[in-house]
Amino acid sequence: MNNQVSIETAVCAEHQMLLAECQRALEIWNEHRAEFCQFRFMRREAGDELLRLQAKYARAYTVLQNHERNCSLCQLASRMEGRNPENRPDAFSDNAMYT
């Protein structure tokens, strides 16, 4: 995830909120991971906490992605920025071969 300000962020307040939640969840997960590695806290509780934080980030990121796919403002903003949602790596693709 990059720190670029996009049209989506400027246009869609919900996208801005979801993006902030996602970024914060990632920051917290990274901070705890670094702390656990630095002090070698690898008790079971520490591992469980890291998994909980990773899952929280994954949920936040999934909610953000789903919002981007379903929000007409975000789709419009993506087109205005020159991004094609169909060409995103996480988009479904038709792998059929045509002859």
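Okay, here's what the table says:
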{"quantity": "Simple label model, 7 Å out from Cα along Cβ direction - Ser72 to Arg59, nm", "calculated": "3.0 nm"}
{"quantity": "Distance (nanometres) between label positions extended 7 Å along Cα→Cβ at Asp48 and Glu81", "calculated": "3.9 nm"}
{"quantity": "Amide N proximity, the stretch 40-78 versus Arg33 label position 7 Å along Cα-to-Cβ, cut-off under 15 Å", "calculated": "47-61"}
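Each reported figure results from applying straightforward, stated rules to the coordinates on display, with no laboratory input. Since we're looking at a predicted model, the values are computed, not measured. For neighbour counting, all protein chains shown are included, and Cβ atoms are generated from backbone atoms with ideal geometry for every residue, glycine included.
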